[in-house]
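What follows draws every value from the coordinates through simple rules; no lab data is involved. The structure displayed is predicted, hence computed values, not measured ones. Ideal geometry is used to build each Cβ from the backbone, glycine not excepted, and the neighbour counts take in all protein chains shown.
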Amino acid sequence: MKLADAVAFVGHQVHICRFREAGTLLRWMGPDLRGKRILDVAGGDGYWAGRARRRGAQAVSIDLARHKMLYGKTLAHPPALIQGDALALPFADGSFDAVLSVCAIEHFDDGGRSLAEMARVLKPGGELFMSADVLSRADSWPKLRDAHKAKYHVQHTYTHRTLGELMAGHGLELIAHSYQFRTAAAERLYLSLSAYGGRVGFNAAAPLTPLVALSDRRAPNERGSIVLVRARKRA
């Protein structure tokens with residue numbers, strides 16, 4: 001394994017959020033992606049699109065941050081990396097079988113427009129796999145909430161219901177959802193790591209991932225810090 005791949009693995013997978021979050025979205029896609037065209041919107045260095053490529057997909061990652069894409073090109077299994085705007089995707093209608101977006105929509109000024117673009121480039125019957133910040137109980141800890149939003153430039157938060165309503169307006173039908181960090185203790189942990197630890201804190205807390213997953217399984221799938229959704233484009 002090259003040094004760049006080892007660093008990317010630690011950054012993306014040794015992580016209390018991303019390992020389960022992106023891993024679940026990719027699991028929903030299925031193990032065999034041969035012949036599928038997949039777009040990762042705001043995919044950064046393209047790491048997760050690269051995971052799809054390893055399963056046989058023709059994977060593309062788009063992001064505005066050129067330095068992230070330059071780093072992504074050094075990885076062992078990079079997708080096609082394109083610099084571009086998620087609010088004006090440079091692809092024809094119906095270009096992709098699936099669209100992936102990992103905790104990106106909350107950073108956009110116009111989440112509805114980004115969803116419209118994702119829906120536009122999907123083929124009829126194609127699927128959208130995405131996650132978003134919810135922060136269901138964030139108002140209970142306003143300092144942590146404000147620190148998280150400022151550090152990560154969070155413009156909006158979403159639930160599966162609000163995402164479903166936005167999606168419906170663009171021909172997408174919500175077919176599955178899952179919340180992570182469902183309990184009050186887990187939500188406070190998420191916000192505390194964000195406010196005081198940032199990326200390093202999320203990485204250092206990775207050993208707690210099984211405990212958070214266990215608490216999520218025991219709690220109702222109604223709220224949490226992050227929501228994962230799966231939607232299908234109507235014919």
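Could you tell me the distance between the Cα centroids of segment 1-46 and segment 79-151, to the nearest Å?
16
Which order do the peptides 207-215, 108-116 take when ranked by the mean count of other beta-carbon atoms within 10 Å per residue, highest first?
Put in order of decreasing packing, that is 108-116, 207-215.
With θ taken as phi - 60° and the coefficients 6.51, -1.76 and 1.60, list the Karplus ³J(HN,Hα) couplings across segment 22-34 in order, rounded to whole Hz; mark glycine and proline as x.
Values, residue by residue: 5, x, 5, 4, 5, 5, 4, 5, x, x, 10, 10, 4 Hz.
Amide H neighbours of Ile175 under 5 Å, at least 5 residues apart or on other chains, H built in the peptide plane: list them.
The list, which skips near neighbours in sequence, is Arg230, Ala231, Arg232.
Please list, or write none, the lysines whose alpha carbon is within less than 27 Å of the alpha carbon of Lys68, excluding same-chain residues fewer than 8 places away.
In chain and number order, the partners are Lys2, Lys36, Lys149, Lys151.
Going by how many other beta carbons lie within 10 Å of each one, how would you line up Tyr71, Tyr158, fewest first?
Tyr71, Tyr158
Report, in deg cm²/dmol and to the nearest 500, the calculated mean residue ellipticity at 222 nm for the chain, where each DSSP H run with n ≥ 4 adds -39500 (n - 2.57) and the sum is divided by the residue count.
Computed ellipticity for the chain at 222 nm equals -11500 deg cm²/dmol.
When the dipole is taken about the Cα centre of the chain, and only Lys, Arg (+1) and Asp, Glu (-1) are charged at their Cβ, what size is it in debye, to the nearest 20?
With Lys and Arg at +1 and Asp and Glu at -1, about 600 debye.
Arrange Leu75, Leu100, Leu81 by Cβ neighbour counts within 10 Å, fewest through most, would you?
Fewest-to-most Cβ neighbours within 10 Å comes out as Leu75, Leu81, Leu100.
Taking a quarter of the surface of the Cα convex hull of segment 56-211, what do you get in nm²?
Averaged projected hull area, Cα only: 10.4 nm².
Please list, in order along segment 56-68, the HN-Hα scalar couplings obtained from phi with the Karplus expression 6.51 cos²θ - 1.76 cosθ + 1.60 (θ = phi - 60°), rounded to whole Hz, x for Gly and Pro.
Coupling constants for segment 56-68: x, 6, 8, 9, 10, 10, 10, 7, 7, 7, 4, 5, 5 Hz.
Check Ala205: other-chain or 5+ apart residues with amide H under 5 Å from its amide H, H built from backbone geometry?
Here the answer is Ile16, since their amide H atoms fall under 5 Å of that of Ala205.
Sort 37-44, 6-13 for me by packing, meaning the mean count of neighbouring Cβ atoms within 10 Å per residue, highest on top.
Final packing ranking: 37-44, 6-13.
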